[in-house]
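Nothing in this text is a laboratory measurement; each read-out follows from the coordinates by a stated rule. Only a predicted model underlies this, so the values are computations on that prediction, with no experimental measurement involved. Neighbour counts are summed over all protein chains in view; Cβ atoms, including those assigned to glycine, are modelled from backbone coordinates with ideal geometry.
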Amino acid sequence: MMDIKFTNSTQTMDLAKQLASNLNAGDVLVLNGDLGAGKTTFTKGLAEGLGITATIKSPTFTIIREYQEGRLPLYHMDVYRLENGGGEELGLDEYFAGDGVSVVEWAQFVEDELPDEYLSINFKRTNLENERQVSFVPHGAHFKQVIEGLINGN
């Protein structure tokens, strides 16, 4: 596990860009946190790190947004609306085992669909106005290596 505190969106995006360089096709990132905690900002940095220049928007109403132009495709999912089920009908496993990086917000609603290995990233507001604490929790050997790379600045 790794915890970092950020005081602005630039720091959040910079770390996400660094993380992007360590990701492979089929990697799944689960973003947890309240509205406005920094999940979409993080995803924007991740997309930039993957070489995606399109404007990243929250997929709240579309559930899944696909960005194909980078080093790896990015599949940004907001599954909040699947609170009462329906994840299995979206074919999430095809995204998770596919050719890109999947970013899943509100993943607790599709927990049964998640692969065994994924990186959980938890965003939490602190008592300071613009400060966020971000915790990286790896699930599986690959993501332990990814976190070690972030710690070592690789």
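Numbers at a glance
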| item | result |
| --- | --- |
| Exclusive hit being over 26 Å from residue 66 (Cα atoms) and assigned to a loop (DSSP other than H, G, I, E, B), set 153, 98 | 153 |
| Restricting segment 109-139 to residues that are under 23 Å from residue 12 (Cα atoms) and without any contact (Cβ under 8 Å) to a residue 12 or more places away in the chain, the residue that is surrounded by the most Cβ atoms within 10 Å (Cβ to Cβ) | 129 |
